[in-house]
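The values are calculated or read from the model by the stated rules, or taken from the named source; none is laboratory data. Computed from a predicted structure; not experimentally measured. Cβ sites come from the backbone with ideal geometry, for glycine too, and all protein chains shown count toward neighbours.
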Amino acid sequence: MSVFALDPLDLAALLCSRVCHDVISPVGAIVNGLEVLEDESDPEMRNFALDLIKKSANTASARLQFCRLAFGAAGSAGASIDTGDAEKVARNLFVDDRTKLEWNAPRVLMPKNKVKLVLNMCLIAAATIPRGGVITVTISDADGNTELAVNTKGPHLRLADHVPALIAGEPRTDHVDAHGVQAFYTGLIARECSMDIHVAVLPDCIEISSRTLAGCAQVAAE
């Protein structure tokens with residue numbers, strides 16, 4: 001089956017919709033908090049509003065910083081990104097009272113598309129543990145041969161049925177919407193990096209893995 005081709009303008013529009021969806025909720029909460037401050041004189045309500053504004057601003061900032069690396073240009077063509085920066089934005093986005101991030105990777109400069117790939121793999125992984133759990137990220141990059149793995153463990157593990165097909169660039173309905181564009185985009189990045197990508201649903205975890213295609217490592221090293 002041939003890989004589905006999405007019009008570049010449609011891809012840009014869908015990714016913009018995805019980013020807006022991620023930030024509209026905390027931004028809306030900030031607006032609500034400001035309205036409470038304007039209308040309320042009760043100290044308890046004002047403290048509640050200030051706390052809401054602070055938490056929502058932090059959430060919006062974390063999501064925007066993550067999206068900048070996961071979806072944005074993040075530098076000029078051919079730029080590299082520090083994996084430490086990727087770990088930082090991932091921790092700010094995912095870690096909370098219910099979710100733990102284990103990041104097993106040396107701090108190195110990697111081609112930006114490979115960093116974008118692992119962050120998008122993290123987004124897919126986070127969606128598989130709606131009630132929290134552990135996200136484990138492992139990165140190995142040597143001599144042009146890159147291996148990425150993101151595993152999730154937790155209660156009520158689940159993977160949406162359409163995700164593997166979208167990652168493979170073969171949407172079941174020959175259509176990609178704003179809900180599926182992130183998984184589709186992840187597959188696009190992997191192919192741009194000359195890497196394969198697989199999702200495995202195991203008895204106690206879900207694993208998303210990607211590695212440099214055979215024969216491409218030597219070219220990258222040269």
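Selection over the stretch 29-60 of residues that are in contact (Cβ under 8 Å) with a residue 24 or more places away in the chain and among the small types (Gly, Ala, Ser) gives a count of 4.
Inspect the stretch 114-129 for any residue being basic (Lys, Arg) and either surrounded by fewer than 21 Cβ atoms within 10 Å (Cβ to Cβ) or part of a strand (DSSP E or B) (or both) and give the result as yes or no.
Of the stretch 114-129, the ones basic (Lys, Arg) are 114, 116.
This time we only want the ones that are either surrounded by fewer than 21 Cβ atoms within 10 Å (Cβ to Cβ) or part of a strand (DSSP E or B) (or both), so: none.
No, the conditions are met nowhere in the stretch 114-129.
Taking the stretch 179-204 as the range and being surrounded by fewer than 18 Cβ atoms within 10 Å (Cβ to Cβ) and touching a residue at least 12 places away in the same chain (Cβ under 8 Å) as the test, the residues that pass are Arg191, Glu192, Ser194, Asp196, His198, Val201, Asp204.
Checked against (1) farther than 21 Å from Asp82 by Cα; (2) surrounded by 18 or more Cβ atoms within 10 Å (Cβ to Cβ); (3) over 17 Å from the mean Cα position of the chain (by Cα), Pro155 meets all criteria but (2).
Can Met110 be described as within 23 Å of Ala73 (Cβ to Cβ) and assigned to a strand (DSSP E or B)? Talk me through it step by step, then tell me what you get.
Details: within 23 Å of Ala73 (Cβ to Cβ): yes; assigned to a strand (DSSP E or B): yes.
So Met110 fits the description; yes.
Here's the yes/no breakdown for (1) β-branched (Val, Ile, Thr); (2) touching a residue at least 12 places away in the same chain (Cβ under 8 Å):
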site: Leu69; (1), (2): no, yes
site: Lys100; (1), (2): no, yes
site: Arg107; (1), (2): no, yes
site: Leu117; (1), (2): no, yes
site: Thr138; (1), (2): yes, yes
site: Asp161; (1), (2): no, no
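Yes or no: Ala74 surrounded by 11 or more Cβ atoms within 10 Å (Cβ to Cβ), at pLDDT 95 or above and under 25 Å from Ala90 (Cβ atoms)? In short, no.
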